[in-house]
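Structure, as structure tokens:
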Amino acid sequence: MSESTTPAALQVRGLRKAYQDVVAVDGLDLEVRRGECFGLLGPNGAGKTTTIEICEGLTTPDSGDVEVLGMRWSTQAMALRQRLGIQLQDTQLSDKLTVFETVRLFRSFYHQGPAAAEMIDLMQLGEKRSSRVGSLSGGQKQRLALACALVGAPDLLFLDEPTTGLDPQARRQLWDVIDAFRGEGRTILLTTHYMDEAEKLCDRVAIMDHGRQIALGTPRELVASIGGEHLVEFSVGDKGRALDTETLRHIEGVSDVRLDADTGNVRMQVDELHRAVPALLNEINRQGIPLTELRTHSATLEDVFVALTGRHLRDE
Amino acid sequence: MSSFADRSLAQLTVVRFREFLREPEAVFWVFLFPILLAAGLGLAFRNRPAEVLKIAAVSREIVAPLRQEKLLDVQALDATAAETALRAGKVALVAEPGSGGAVVYRYDDTNPEGRTARMLADRALQRAAGRIDPVSSSDRLMSEPGSRYIDFLLPGLLGMNLMGSSIWGLAFGVVDARRKKLLKRLIATPMPRYEYLLSFLLSRLAMLVIEVSTLLGFGVLVFHVPVWGSLAGFMALCVLGSLSFSSLGLLIASRARTIEAVSGITNLVMMPMWILSGVFFSSQRFPDIIQPAIHALPLTALINALRANMLQGASLGQLWPEAAVLGAWLVVGFTLALKLFRWR
């Protein structure tokens, strides 16, 4: 089948949901293609969880249309549930059961899927097979939750904030497991407020704010959309007022220069680091101003969010 | 993966059972506590031989005839010592000589021991003085199984235990799962929702067999409590009682979101039944005007039916009014619970 005739894994049109006075989702359109990993990125309260729970059939929208794997919740809920894998944001599985007993219970709900023991090994929980859930670490609990979501061999996997609250090593381990699942050509919709997670896992990302989509594209496209691909930050200490930023703006490939005259910190967006940095150093040298610090980093989705909203993703 | 053990209903039921057995406190309250209670109360209220009563006699002449009575322990004391002993409650009665060969008994007539001692002492003195009772009498004592306090108590404890474990088991289990968002997670799977609720009832029934047989076994082996009715009828009553309390538990749990809320409601529901339904003493002691209400309570119905089965050998057919009360609670509770139930 060609790209155009393959129906989308998930199609959302004009979605709206309000709680009392708060509008959680405000006219959202989404399309998740089969086989891709799609990320909903946004700060807390952007409406990500409400959106994903409507797609999961757990919340009914006020208005709008949701089509999952070509089916609708109103008519084919049971058939749909058989083909979805779901991980909710803060489910506590029963502490009294072992890892194996828990996965076996979830396996019993599905017609198809790998054996419980196989799933546990896949999630790198083999050693913890007979341990009580209550004794697992945060990362192990998340991998167990993922095992319960995957044990029905779903076509579409929903992950709501899968790595929130985990340490860096546990996050990387979970990413590996999610990556392995992607390799099997299945579709994933995940929400996150970590831009590095979206960059690492997602083919396409929709940035959400106040219940609306404010940007859509591959992580690379989104980063490119704000101008420079790199950020250069340097400091001239107390010589901030003596610095002539106008000449800096004319360096080739520089799209934005912001000076904080009090601290002497300067932030520049640039296209090509290898051309801009030598030119910058020459110019500073020419002005006779000593450089006290110089840092560069690639622009991230965080920078995209800042450029679009003027706020940081994790301004809580 | 199609074996019976891997069916979702079997898995859900087994999980319920495991969760219960791995909660040491729950195991204590359901299995051990009723046995300790039965043992304690059975010992405290066991039928003892009549107690010997202590009395004091001030005059030497009446000490000898009083000592003829085996149920009296007679001390010879002078007037002041006797007075002190009576006031301190060390003796139940003081017998002192009155004028003209008469005897005066001093005792507190609000104290049953005093009144008994008065009758025993007077009978001993009158007989010693030559009285012959015109009617001959003999005693036959009630101590055979079936009429003792422990026989009355055990069906009460069984009923109370079934109520407690059924209501708690369901209400706590469901609310705990709702609080942990486990209910929401489960309905995100293709699990049939009725199977989740059914698994609670099935695991209750499995638990019931263990629960009832430990308490009943203890009563039969240690106190020789009789079961004169049919065992099948007895089990049928236990199952019906347990199901109707489970539906009450489900109703309590249908909307509560916190353990505190569900504890409060549960105690509110169970407390009146502990007091009114005749667990420890007959519910007939309450005024006639509230008797219809007491008889409509599920615990009253269950306990009365169990007592009738065990102690009078009543058949299920004779117990239909109690069975109807339990059935009504079951149907009404379950219907209402399903209407109100909140999965998230």
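Values in this text are rule-based calculations from the coordinates and carry no lab data. Since the structure is predicted, the reported quantities are computational estimates derived from the model, not experimental observations. FYI the Cβ positions are ideal-geometry reconstructions off the backbone, even for glycines, and counts take in every protein chain you see.
Using alpha-carbon positions, what is the distance between the centroids of segment A:183-213 and segment A:61-97, in Å? So the two Cα centres are separated by 18 Å. Please compute P(r) over all alpha-carbon pairs of segment A:227-298, binned at 5 Å starting from zero, and give each bin as a whole-number percent. Result, from short to long distances: 4, 18, 33, 28, 14, 3 percent. I'd like the antiparallel share, as a percent to the nearest 5, of DSSP beta bridges with both residues in chain A. Around 70 percent antiparallel, to the nearest 5.
Give me the Kirkwood hydrodynamic radius of segment A:1-62, using the inverse of the mean 1/r over all pairs of distinct Cα atoms, in Å to one decimal. By the Kirkwood definition, the hydrodynamic radius is 12.8 Å. The lysine pair tally for segment A:10-218, using Cα distances under 23 Å and a gap of 8 or more places or different chains, is 7.
For chain B, the dipole from Cβ point charges (+1 on Lys and Arg, -1 on Asp and Glu) about the Cα centre works out to 1520 debye, to the nearest 20. Ranked from largest, the principal axis spans of the Cα set of chain A equal 74, 45, 44 Å.
Secondary structure note: in segment B:53-128, about 35% of the DSSP beta bridges are antiparallel. May I ask for the percentage of alpha-carbon pairs in segment B:149-212 that lie more than 16 Å from each other? That tail contains 56 percent of the Cα-Cα pairs.
Straight-distance candidates among the lysines for linking to residue B:70, with alpha-carbon spacing under 22 Å and chain neighbours fewer than 8 residues away dropped: B:54, B:90. Helix B:298-312 and the longest principal axis of the C-alpha atoms of chain B enclose an angle of approximately 60°. Taking a ≥ b ≥ c as the square roots of the Cα gyration tensor eigenvalues, with a/c under 1.5 meaning rounded and otherwise prolate when a/b beats b/c, else oblate, which class fits segment B:52-116? Verdict is rounded for segment B:52-116. Taking the Cα atoms only, what angle lies between the long axis of helix B:231-253 and the longest principal axis of chain B, rounded to 10 degrees? Approximately 60 degrees, to the nearest ten.
Once the Cα-Cα distance is subtracted from the 0.36 nm per residue extended length, the residue A:261 to residue A:89 segment shows a gain of 57.6 nm. A dipole drawn for the protein assembly as shown from +1 and -1 charges on Cβ atoms has a positive end, and of B:154, B:137, B:89 the residue lying farthest that way is B:137. Packing, as the average of other Cβ atoms within 10 Å across residues, places the peptides A:106-119, A:230-243, B:236-249 in the order B:236-249, A:106-119, A:230-243, highest first. For segment B:65-147, the set of trypsin sites (Lys or Arg not before Pro) satisfying both a DSSP loop assignment and a count of at most 16 other C-beta atoms within 10 Å is given as B:70, B:90, B:131, B:140. Which of rounded, prolate, oblate describes segment B:109-173, given a ≥ b ≥ c as roots of the alpha-carbon gyration tensor eigenvalues and a/c under 1.5 marking rounded, otherwise prolate only if a/b is larger than b/c? Prolate, because a/c is 1.5 or more and a/b exceeds b/c. Taking the Cα centre of segment A:10-218 as origin and assigning +1 to Lys and Arg Cβ atoms and -1 to Asp and Glu Cβ atoms, the resulting dipole is close to 520 debye. Check the straight Cα-Cα distances from residue B:339 and name the lysines below 23 Å, setting aside those fewer than 8 residues away within the same chain. Counting by Cα, and skipping residues close in sequence, residue B:339 has these lysines nearby: B:180, B:181, B:184. Each 10 Å bin from 0 upward holds the following percent of the Cα-Cα pairs of the protein assembly as shown: 3, 12, 15, 14, 13, 11, 9, 6, 6, 5, 3, 2, 1, 0, 0. Anisotropy class assigned to chain B is prolate, per the alpha carbon gyration tensor with a/c at or over the 1.5 cut-off and a/b larger than b/c. Against chain A, whose longest principal axis comes from its Cα atoms, helix A:73-83 is set at around 90 degrees. Rounded to the nearest 5, the antiparallel percentage of DSSP beta bridges internal to the protein assembly as shown is 60%.
For segment A:248-316, the list of trypsin sites (Lys or Arg not before Pro) that fall in a loop by DSSP and count at most 13 other C-beta atoms within 10 angstrom reads A:311, A:314.
Each Lys and Arg Cβ is given +1 and each Asp and Glu Cβ -1; about its Cα centre, segment A:227-298 then shows a dipole of about 140 debye. Panel values: segment A:267-316, Kirkwood radius from alpha carbon pairs, Stokes-Einstein at 10 °C and 1.306 mPa s, translational diffusion coefficient 121 µm²/s.
Candidates A:75, A:175, A:188 compared by Cα position along the dipole of segment A:71-228: farthest toward the positive end lies A:75, with charges placed on Cβ.
Simple rule: put +1 on each Lys or Arg Cβ and -1 on each Asp or Glu Cβ in segment A:1-132, find the dipole, and look at A:61, A:42, A:102; the Cα lying farthest toward the positive end is A:102.
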